[in-house]
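So the structure is just underneath, and the comments pick up after that.
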Amino acid sequence: MNKVSIQCRNICLGYGATEVLKNLSLDIHPGEFFALLGPSGSGKSSLLRLIAGFNHHQSGQLFIDGKEVSGQAPWERQVGMVFQSYALWPHLSVWDNVAFGLVERKVERDILKSKVSAILSQVELLDLAYRKPSQLSGGQQQRVALARTLVVEPKVLLLDEPLSNLDKTLRIQMRQELLSLQRRLGITTIFVTHDQEEAMSTADRMAVLEKGVVQQVGSPEDLYHSPANSFVANFVGTMNVVSVSELNQSHANWSALQSDNQGEIASKFLSFRPHDAQLVAAESMPTSVLKEPMQTWLPGIVLSAEFMGHATRYKVRMSDIEIFVDQSHGPEKTKWHPNDRVSIGLKPAQVRWLY
Ligand code: ADP
Ligand code: MG
């Protein structure tokens, strides 16, 4: 199959006076599984509808397979879109729902039959082809919607929160099925979600969108380990983000965490992942400091503990700031309780400075 790219160049889109996408530029590579992650209202659906041709931008350019498609109608773009609601025909069988697009295109009977059965077997629904949508589970309906979109062989697959109507176990299973189907077909795919775990566990690359502005684009690892700003840091995994002015007010001896890089001192936020900090009893601090001269210790009080299976997440108050610290379990590990006085240990390599 011919794998195609998608390019958005300086796209602005608004509804009336409301600006929704602001000078948005994005490159989706041929054949990749690209996740678009952002909170509700950030413009994710608007962007997908724009690529599909249901929305029109006021300025900028949109290329699919290297060709400007801004003037093209949806059916000319060969873009398939799956909606969160599935939008299946309730009175038609699975087979007829899937065949619908081919009937509309007046595809010859034998070809139609072989295409519908091929795609239904890809999504493992051939045995249920005679059923009506109401006789299917949520996950099966989702697969019908997917088959109906794929049967007309689009060049691009757009998925708008396709799993959000499913329960958690099914969602995890379906996202892996989606990914393996995408890999088999090699179709360039944009997967919209507001669930960071869903994005990170599937995407080759991903973008974080906030208020119609792309905050960062990269691999899930890039975004997790090197978030570009405090929005991305908070949205992709749990991150403690503490402003330098709050730290100054807390009188904590945090300045040792700064490296010699002068630029970092002007940064506004210190951030660290919950599992990167260490907790020790407040009184045992001096010896620990001797052992680890590079470690900085900040005083804190445990507020609460949440058992998470592989670790316990402690909410700790550091002066007026609340942070999370995850500690793994083990026979030698101390368990902390509310009101315990602790020292929070951080090394320069474990913190990032954000703007
Ligand atoms: P998301 O999919 O990330 O939740 P949307 O693209 O649906 O975000 O919406 C982005 C913003 O645009 C929201 O503030 C929403 O209210 C607004 N919006 C979406 N569609 C329309 C529309 N047809 N008319 C006016 N405003 C809209
Ligand atoms: Mg949406």
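At a glance:
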read-out: Cross-chain or 6+ apart pairs with Cβ under 8 Å, region 62-85 first and among the acidic types (Asp, Glu), then open to solvent by less than 70 Å² (accessible area, probe 1.4 Å); value: Asp65/Val4; Asp65/Ser5; Asp65/Lys155; Glu68/Leu62; Glu76/Gly53; Glu76/Val69
read-out: Residue that is farthest from the chain's Cα centre (by Cα), among those in region 121-168 that are over 18 Å from Thr188 (Cβ atoms) and within 16 Å of ligand 1 (Cβ to nearest atom); value: Asn165
read-out: Segments classed as strands (runs of 3 or more DSSP E), wholly inside region 124-213, with at least 3 members that are within 22 Å of Gly101 (Cβ to Cβ); value: 156-160, 188-193
read-out: Neighbours by Cβ (under 8 Å, 6+ apart or cross-chain): first from region 112-132, over 14 Å from Leu146 (Cβ atoms); second open to solvent by 60 Å² or more (accessible area, probe 1.4 Å) and of a type in the set (A, V, I, L, M); value: Leu112/Val103; Ser117/Leu126
read-out: Residue satisfying condition, being assigned by TED's automatic domain parsing to the domain that holds Ser42 and more than 21 Å from Ser45 (Cβ to Cβ), within set Val213, Val156, Val208, Val152; value: Val152
read-out: Yes/no for Val98 being away from ligand 2 (no atom under 16 Å from the Cβ), in a helix (DSSP H, G or I), out of contact with any strand residue (DSSP E or B) (no Cβ under 6 Å at 6 or more places or on another chain) and among the β-branched types (Val, Ile, Thr); value: yes
read-out: Any pair with Cβ under 7 angstrom, 6 or more apart, that starts in region 45-56 at a residue that is open to solvent by 20 Å² or more (accessible area, probe 1.4 Å) and ends at one that is within 13 Å of ligand 2 (Cβ to nearest atom) and among the β-branched types (Val, Ile, Thr); value: Ser45/Val192
read-out: Residue among Gly60, Gly14, Gly80, Gly41 that is within 14 Å of ligand 1 (Cβ to nearest atom) and in a strand (DSSP E or B); value: Gly14
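This table checks each residue for (1) more than 16 Å from ligand 2 (Cβ to nearest atom); (2) among the hydrophobic types (A, V, I, L, M, F, W, C); (3) modelled with pLDDT of 95 or more; (4) over 29 Å from Val236 (Cα atoms).
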position: Tyr15; (1), (2), (3), (4): no, no, no, no
position: Leu24; (1), (2), (3), (4): no, yes, yes, no
position: Gln58; (1), (2), (3), (4): yes, no, no, yes
position: Asp65; (1), (2), (3), (4): yes, no, yes, yes
position: Ser93; (1), (2), (3), (4): yes, no, yes, yes
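The values are calculated or read from the model by the stated rules, or taken from the named source; none is laboratory data. Remember, predicted model here, so these are calculated numbers, not experimental data. Here the Cβ is made from the backbone with ideal geometry for all residues, glycine too, and neighbour counts use every protein chain on show. Note: accessible area is taken over every heavy atom of the protein model, side chains too, but ligands, DNA and RNA are not part of it. Shrake-Rupley method; radii C 1.70, N 1.55, O 1.52, S 1.80 Å.
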